1. Quick check on Val104: is it in contact with a Lys or Arg (Cβ under 7 Å, 6 or more places away or on another chain), under 18 Å from Gly32 (Cα atoms) and of a type in the set (Val, Ile, Thr)?
2. Being closer than 26 Å to Arg27 by Cα and touching a helix residue (DSSP H, G or I) at 6+ places or on another chain (Cβ under 8 Å) narrows it down to one residue among Ile88, Ile71; which is it?
3. Only helices (runs of 4 or more DSSP H) wholly contained in segment 93-164 count here; list those with 1 or more residues that are under 13 Å from Gln11 (Cβ atoms).
4. Only one of Asp69, Asp62 is among the acidic types (Asp, Glu), touching a Pro at 6+ places or on another chain (Cβ under 7 Å), without any contact (Cβ under 8 Å) to a residue 60 or more places away in the chain and surrounded by fewer than 18 Cβ atoms within 10 Å (Cβ to Cβ); which?
5. Going by what's in this entry, would Leu95 be described as touching a residue at least 12 places away in the same chain (Cβ under 8 Å), farther than 21 Å from Ala23 by Cβ and surrounded by 12 or more Cβ atoms within 10 Å (Cβ to Cβ)?
6. Out of all the residues in segment 113-153, which are polar (S, T, N, Q) and in contact with a Ser or Thr (Cβ under 9 Å, 6 or more places away or on another chain)?
7. I'm trying to understand the selection: among the residues of segment 5-46, which are surrounded by 18 or more Cβ atoms within 10 Å (Cβ to Cβ), over 12 Å from Arg102 (Cβ atoms) and either among the hydroxyl-bearing types (Ser, Thr, Tyr) or at pLDDT below 95 (or both)?
8. Could you give me the residue pairs with C-beta distances under 6 Å whose first residue belongs to segment 113-130 and is touching a residue at least 60 places away in the same chain (Cβ under 8 Å), whose second residue is among the hydroxyl-bearing types (Ser, Thr, Tyr) and not in a helix (DSSP H, G or I) wherever it lies, and which are 6+ apart or on separate chains?
Amino acid sequence: MVLSFTGEHTQKVDGKGRMSIPADFRRVLEAGDPEWTPGLSPRMYLLYGDHLKNELHGYTVDEFNKVVDQINALPRGSANKKKLSRLIIGQSIKLDVDKDGRTVMPIKQRQKLGLTDGELTFSGLGDHFEIWKAETFTQEVADDLTGWLAEQEDGFDPLILLDE
């Protein structure tokens, strides 16, 4: 069974950047870290590239390595390889999750989200998760989905989009 990141979770980050990773997400990080064994802390990758605007992305070690392998498979010296390498590989950091399920988000990444402490929203997207300043998540994601759903016909089933 493949575990995936699901659900929305509100967590706090303190002035030192300590934040708790949701328990469900920790299980996925453990399963996706080839060096993890019970008693050890899982690792994760945090992407903060300029293309992400007001959010960060969290990946398991395995999923991040898949993305890096795809980038490395591009022709050496190609413009796309350079751009993707800079945006994805160059603008990511590896973090350790401690035994209590916490990690430290560096100040640069907290500033990107516009907070030094406060509430974060973790949003699971299957193979990765997003981290947003809670207020920004409501404004940009939740409100957008609510508006989009309001435009749909009564009885609309979003799973129909899978058939496209």
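1. On the way: in contact with a Lys or Arg (Cβ under 7 Å, 6 or more places away or on another chain): yes; under 18 Å from Gly32 (Cα atoms): no; of a type in the set (Val, Ile, Thr): yes.
It is false that Val104 is in contact with a Lys or Arg (Cβ under 7 Å, 6 or more places away or on another chain), under 18 Å from Gly32 (Cα atoms) and of a type in the set (Val, Ile, Thr).
2. Numbers: Ile71 fails: closer than 26 Å to Arg27 by Cα.
Step by step, each of Ile88, Ile71 is checked, and only Ile88 is closer than 26 Å to Arg27 by Cα and touching a helix residue (DSSP H, G or I) at 6+ places or on another chain (Cβ under 8 Å).
3. Details: elements: 107-113, 134-137, 143-151.
Qualifying helices (runs of 4 or more DSSP H): 107-113, 134-137.
4. Details: Asp69 fails: touching a Pro at 6+ places or on another chain (Cβ under 7 Å).
When all the criteria are applied, what remains is Asp62.
5. Details: touching a residue at least 12 places away in the same chain (Cβ under 8 Å): yes; farther than 21 Å from Ala23 by Cβ: no; surrounded by 12 or more Cβ atoms within 10 Å (Cβ to Cβ): yes.
For Leu95, the condition - touching a residue at least 12 places away in the same chain (Cβ under 8 Å), farther than 21 Å from Ala23 by Cβ and surrounded by 12 or more Cβ atoms within 10 Å (Cβ to Cβ) - is not met.
6. Thr121, Thr136, Thr138
7. Answer for segment 5-46, where residues must be surrounded by 18 or more Cβ atoms within 10 Å (Cβ to Cβ), over 12 Å from Arg102 (Cβ atoms) and either among the hydroxyl-bearing types (Ser, Thr, Tyr) or at pLDDT below 95 (or both): just Tyr45.
8. Listed pairs, sorted by first residue: Glu119/Thr10; Thr121/Thr10; Gly124/Thr6; Gly126/Ser4; His128/Tyr59; Glu130/Ser123.
The values are calculated or read from the model by the stated rules, or taken from the named source; none is laboratory data. The structure presented is a predicted model; accordingly, all values stated were derived computationally and were not measured. Every residue, glycine among them, receives a Cβ derived from its backbone with ideal geometry; neighbour counts consider all protein chains shown.
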